[in-house]
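**Student:** Below is the structure I would like to discuss, written out as structure tokens.
The values are calculated or read from the model by the stated rules, or taken from the named source; none is laboratory data. Only a predicted model underlies this, so the values are computations on that prediction, with no experimental measurement involved. Glycine gets a Cβ as well: all are built from the backbone with ideal geometry, and neighbour counts include every protein chain shown. Calculation scope for accessible area: heavy atoms of the full protein, side chains included, ligands and nucleic acids excluded. Shrake-Rupley method; radii C 1.70, N 1.55, O 1.52, S 1.80 Å.
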Amino acid sequence: MAVTDLFSKRQKRLRGGGPDVYVYDKIPMPLRIQVLYMLDELIGAGLEYYKPFSVCNQVVRSVVKTLRLEYGKHRIATNPENDDYHELILFLKKEEDIERVMDALELLIGQTWEYSGYEERCSDFVNDLNIRFREHGVGFEIIGGEVIRIDSRFHHAVVVKPAIQFLNRPGFEGAQQEFILAYEHYRHGRHKEALNEALKSFESTMRAICLARNWESPPSGGSRKLIVALQGHKLFPAYYESHLSALTNLMEGLATLRNKESAHGQGAEVSHVKDDVVAYALHMTASAVVMLASLHADKPD
């Protein structure tokens, strides 16, 4: 179901209207209703569900069963109709925990994508859903079937997405998994784990570049040794010296954050990592990955 750029939307943009900040704890009812219309376009609804081997039937049953199991509930929503389809619809309409709604959307996309001939439908669903998120100021985006939290639209567009695209290459699977996991931890408020995965992703990216080019890399040690190794292999030209120094300092700073805030024991008091510190770590990690990607792509084999 395509998104229509209505006259009222255009006028609102001209007046400078629209959400100024992203929200992460609420899904407006108009967006929920739009999702239900989109779901109908994605897998069909109504009578389609009652066909035992229809895609709608199989997807809905799988998603509802998974959510019940993972949440430890007999039902994910009170359902007078007593069938999985209406249970899922009520869940998407009424569930107050936005992260659980995102769980359902991830599962719906992932399950439907497995059926041959539904790839284009899934792609359209994801594209339209991301547009709807932006229209309503909901601070999430679906990338590669995963829900990613957005803090800055500009930074997300020019840094985070290019970083994920670069790490999608063969040989960088470990770094990509750690990078996405860092954002997953961040989305769920697991700040310490997000910091650890962010730095691991940066280190894995550098090791993957060394492996792709048959360069020796330090068998152990953190990001600083890897940066020095890459410099020794002349990945960084001489005029990048200041950038290299800044990058080294940045990674040392991230390591310090990780060691002080995350990797060590908490002691007598429970330590808390601030949300803005985690966002900083993730954004800078993404920026560093994009920088490495550009240098790696530009250097001849």
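**Student:** What is the distance, in nm, between label points placed 7 Å from the Cα along the Cα-to-Cβ direction at R10 and at Y71?
**Tutor:** It is 4.1 nm.
**Student:** Could you tell me the calculated FRET efficiency between E41 and L295, based on Cβ-Cβ distance and R0 = 45 angstrom, to the nearest 0.05? Mind showing how you got there, number by number?
**Tutor:** Values: r = 43 Å, r/R0 = 0.94.
That pair, E41 with L295, gives E of 0.60.
**Student:** Ok, one more. Just grab the label-to-label distance for K94 and W113, each label 7 Å out from Cα along the Cβ direction, in nm (one decimal).
**Tutor:** 3.1
**Student:** Please give the length that would be gained between N168 and R32 if that part of the chain were fully extended, namely 0.36 nm times their separation in residues minus their C-alpha to C-alpha distance (nm, one decimal). Show your work: numbers first, answer last.
**Tutor:** Details: separation 136, 0.36 × 136 = 48.96 nm, distance 3.09 nm.
Stretched out fully, the N168 to R32 stretch lengthens by 45.9 nm.
**Student:** Please find the FRET efficiency linking I131 to N82, where r is the Cβ-Cβ separation and R0 is fixed at 51 Å, and quote it to the nearest 0.05.
**Tutor:** Numbers: r = 35 Å, r/R0 = 0.68.
The value I calculate is 0.90.
**Student:** List the residues, sorted by chain then number, that are 5 or more residues from I143 or on another chain and whose placed amide H is less than 5 Å from its amide H.
**Tutor:** Counting only residues 5 or more places away or on other chains, the set is I148.
**Student:** How do I98, I33 rank by accessible surface area computed with a 1.4 Å probe, from largest to smallest?
**Tutor:** Values: I98 10, I33 75 Å².
Result of the area sort, largest leading: I33, I98.
**Student:** A further question on this structure: Beta carbons within 10 angstrom, averaged per residue: use that to sort the peptides 121-134, 188-201, 100-113, highest first.
**Tutor:** Details: 121-134: 17.7, 188-201: 21.3, 100-113: 19.5.
Result, highest mean first: 188-201, 100-113, 121-134.
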